1. Looking at the stretch 173-199 only, could you name the residues that are of a type in the set (S, T, N, Q) and either assigned to a helix (DSSP H, G or I) or modelled with pLDDT under 95 (or both)?
2. What tally of residues in the stretch 7-40 results from selecting those that are more than 23 Å from Ser89 (Cβ to Cβ) and in contact with a Pro (Cβ under 9 Å, 6 or more places away or on another chain)?
3. Would you check if Gly87 is on the phi > 0 side of the Ramachandran plot and surrounded by 15 or more Cβ atoms within 10 Å (Cβ to Cβ)?
4. In the stretch 181-200, which residue that is of a type in the set (S, T, N, Q) and surrounded by fewer than 19 Cβ atoms within 10 Å (Cβ to Cβ) is farthest from the ligand (Cβ to nearest atom)?
5. Check Ile178, Ile224, Ile203 and return the single one that is touching a Ser or Thr at 6+ places or on another chain (Cβ under 6 Å), within 16 Å of the ligand (Cβ to nearest atom) and under 23 Å from His101 (Cα atoms).
6. Working only within the stretch 90-105, note down all residues that are closer than 22 Å to Pro171 by Cα and surrounded by 16 or more Cβ atoms within 10 Å (Cβ to Cβ).
7. Take the residues in the stretch 206-221 that are assigned to a loop (DSSP other than H, G, I, E, B) and aliphatic (A, V, I, L, M); name whichever of them is farthest from the ligand (Cβ to nearest atom).
8. I want to confirm something. Restricting to the stretch 227-241 and keeping residues that are farther than 20 Å from Phe184 by Cβ and of a type outside the set (A, V, I, L, M, F, W, C), which single residue is farthest from the ligand (Cβ to nearest atom)?
Amino acid sequence: MQQPRPQELEGITEMYPEIEIIGITIPTCSDDFDYGVDDLIADATRTAYQTNDKATPHSNQMLLKHCAAGGHTSIFEHASVTIRIRGASRAFTHQVVRHRHQGITQESQRYCDEGNFGFSCPPAIKEAGLEDQFYGMMESARQNYLYLQKKLKEAGLSSHRANEDARFVLPNAVQSEIVISPNFAELRHMFRLRLTTHAQWEIFNVFKLILEEIVHYTHVFDDIKVYFDDHGNLDCFGGSC
Ligand SMILES: Cc1cc2nc3c(=O)[nH]c(=O)nc-3n(C[C@H](O)[C@H](O)[C@H](O)COP(=O)(O)OP(=O)(O)OC[C@H]3O[C@@H](n4cnc5c(N)ncnc54)[C@H](O)[C@@H]3O)c2cc1C
């Protein structure tokens, strides 16, 4: 069968991941405008040593660095971040929800009509010259979905019921919006696992975007850097739990 060219496709769109930090822990124990989330973590940490009266912005940063280097990372559970992720696939969201120390809310394929879904196309499929075929497969999946949705409604199912059963023919590539709220310790752990060659390209890309963004809010992740090892594999250091 002749597969449709991308520009001939109607209703489905290729998407690329975007992340937005929509919330982060706000300290309420100081009127000082510069007192930020890192100072809050340091303040909680100082409870162990009863050195809260010795806190300065510089000594707080030194304390957090010292704890991170020593693997005393439970202190980072005192802060959390809320991140909205759009344009990534259900394959990605299935991977990210395996991390258990976080709040999660995901777009519902029961309540939402997927008749015009967005999708992710793996770079390797493009590099292999299979992009047009892949787009055609997405369009076929959409047509199957719409067919089932229509027939199920004709059979008497509500829109909600029709959506939830028609979705069984949707591919893993379908984009799915998700909001995650990990604490900083869990996010460090997620970076450690997902910013390596072993992680799939999409979750790697999403976590790279998150790392690039979160460093504007806190220094807790400053030690996490992505690098190529001696074998040419991607890895990151820092982030140990
Ligand atoms: C490269 C890669 C490939 C993968 N491939 C597969 C695969 O083929 N099949 C598959 O099923 N999964 C796979 N996974 C998912 C993986 O098995 C984990 O589910 C996922 O990485 C979540 O991380 P985590 O288990 O460290 O726990 P998280 O949920 O992120 O928790 C962080 C840490 O908290 C602790 N913790 C959390 N819950 C408990 C608990 N109940 N009891 C004790 N300690 C706990 C553990 O120390 C854990 O490491 C893969 C992950 C990666 C990174």
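The values are calculated or read from the model by the stated rules, or taken from the named source; none is laboratory data. As the structure is a computational prediction, the values presented were derived from the model and not from experiment. Reconstructed Cβ throughout: ideal geometry from the backbone, glycine too, with neighbour counts over all protein chains shown.
1. Selection gives Thr196, Thr197.
2. 7
3. Yes, satisfied.
4. Top of the filtered list is Ser181.
5. Ile178
6. Result: Arg90, Ala91, Phe92, Thr93, Gln95, Val96.
7. Restricting to residues being assigned to a loop (DSSP other than H, G, I, E, B) and aliphatic (A, V, I, L, M), the top hit is Val215.
8. Top of the filtered list is Asp230.
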